[in-house]
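**Q** Could you have a look at this structure, given as structure tokens, before my questions?
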Amino acid sequence: MTALGFLYPGHSAEDDYPRIEQLLGSDIRVDLVHTDIGEDARREDALRALGSPERLAAGVQELRHAGAEAVVWASTSGSFGYGWEGANEQVRGLAVAAGMPASSTSFGFVHAGRELGVRRVAIGATYPDDIAGLFADFLRAGDLDVVAVRGSGIGTAAEAGTWGEAELFALARAADHADADAVLLPDTALHTVSYLTALEKELGKPVLTANQVTVWEALRLADRRVNAPNLGALFTREPIVQV
């Protein structure tokens, strides 16, 4: 049994995680601990408060007691809001506090892009444009070429969590770009797991979504590879061989 630990802010799309656990169909356990969301606002100051060391440290003891082998901070905006260097410092602090390998959703997107061998990506974000732009900057710092950014002006995680299939597909279609190798949907408050294969069929390319990438990143930290076709191309492709 491989136990994976996640620190998830609030409750907007928490049900994606047991769904992923079921779709993995193997000896993987997904343990979720909720962190205090504080002010639910997509502003830089609020996002930095969301991912503060104190808020993250508060949840790690429960994950240790559950036997987690790796922990991922399951918030994209609560990690890229710190910038590349700040987000690195954030996960280093989390690893020390947790006593296990650690990462965040934002780094998961970068690592997943490398795994799939994609270079050019399009972003479909629920966030306001300025916050979506910060995610684009983060990806560029991770050597991904961002060819298009689509923001949606949603100011809270709670509102993003109410979006259903129609809104999700409309966002993905609007975000796609002919030059993009993949489309990235970077909000862990957005329900996406039930629609991954349909999204990829619709767009004809890999689609990386926040909760999908978060669990994949934890598996990567735990050195586990699981083939799960219902979780999209990221869970079915062979790894890229670096030469």
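The values are calculated or read from the model by the stated rules, or taken from the named source; none is laboratory data. Everything numeric here is computed off the predicted structure, so don't read it as measured data. Backbone-built Cβ (ideal geometry, glycine too); neighbour counts: all protein chains shown.
**Q** What are the residues in region 27-81 that are of a type outside the set (D, E, K, R), in contact with a Leu (Cβ under 9 Å, 6 or more places away or on another chain), closer than 12 Å to Ala3 by Cβ and in contact (Cβ under 8 Å) with a residue 60 or more places away in the chain, if any?
**A** Across region 27-81, the qualifying residues are Ile28, Val30, Ala68, Ala70, Val71.
**Q** Take region 150-171 and flag every residue that is closer than 23 Å to Pro9 by Cβ and of a type in the set (A, V, I, L, M).
**A** Within region 150-171, Ile154, Ala157, Ala158, Ala160, Leu168, Leu171 meet the criteria.
**Q** Here is a further query. Would you check if Ala178 is among the aliphatic types (A, V, I, L, M), outside any helix (DSSP H, G or I) and over 18 Å from the mean Cα position of the chain (by Cα)?
**A** So Ala178 passes the test.
**Q** Scan region 109-127 residue by residue and report those that are in contact (Cβ under 8 Å) with a residue 40 or more places away in the chain and outside any loop (DSSP other than H, G, I, E, B).
**A** Phe109, His111, Ala112, Gly113, Arg114, Glu115, Leu116, Arg120, Val121, Ala122, Ile123, Gly124
**Q** Here's another thing I want to ask about it. Out of everything in region 134-175 that is under 17 Å from Phe109 (Cα atoms) and assigned to a loop (DSSP other than H, G, I, E, B), what residue ends up being farthest from the chain's Cα centre (by Cα)?
**A** Asp143
**Q** Any idea how many residues of region 130-189 are closer than 18 Å to Pro206 by Cβ, in contact (Cβ under 8 Å) with a residue 60 or more places away in the chain and hydrophobic (A, V, I, L, M, F, W, C)?
**A** Number of matching residues: 5.
**Q** Within region 1-22, which residues are in a loop (DSSP other than H, G, I, E, B) and over 20 Å from Arg64 (Cβ atoms)?
**A** Gly10, His11, Ser12, Ala13, Glu14, Asp15
**Q** Identify the residue in region 159-206 that is farther than 18 Å from Val149 by Cα and of a type in the set (Val, Ile, Thr) and, among all such residues, is surrounded by the fewest Cβ atoms within 10 Å (Cβ to Cβ).
**A** Looking at residues that are farther than 18 Å from Val149 by Cα and of a type in the set (Val, Ile, Thr), I get Thr162.
**Q** Sticking with this one: Out of (1) within 26 Å of Ile28 (Cα to Cα); (2) in contact with a helix residue (DSSP H, G or I) (Cβ under 7 Å, 6 or more places away or on another chain); (3) modelled with pLDDT of 95 or more, what's the single condition that is false for Val96?
**A** (2)
**Q** Here's another thing I want to ask about it. Within the group Arg92, Arg114, which residue is under 17 Å from the mean Cα position of the chain (by Cα) and surrounded by fewer than 22 Cβ atoms within 10 Å (Cβ to Cβ)?
**A** It is Arg114.
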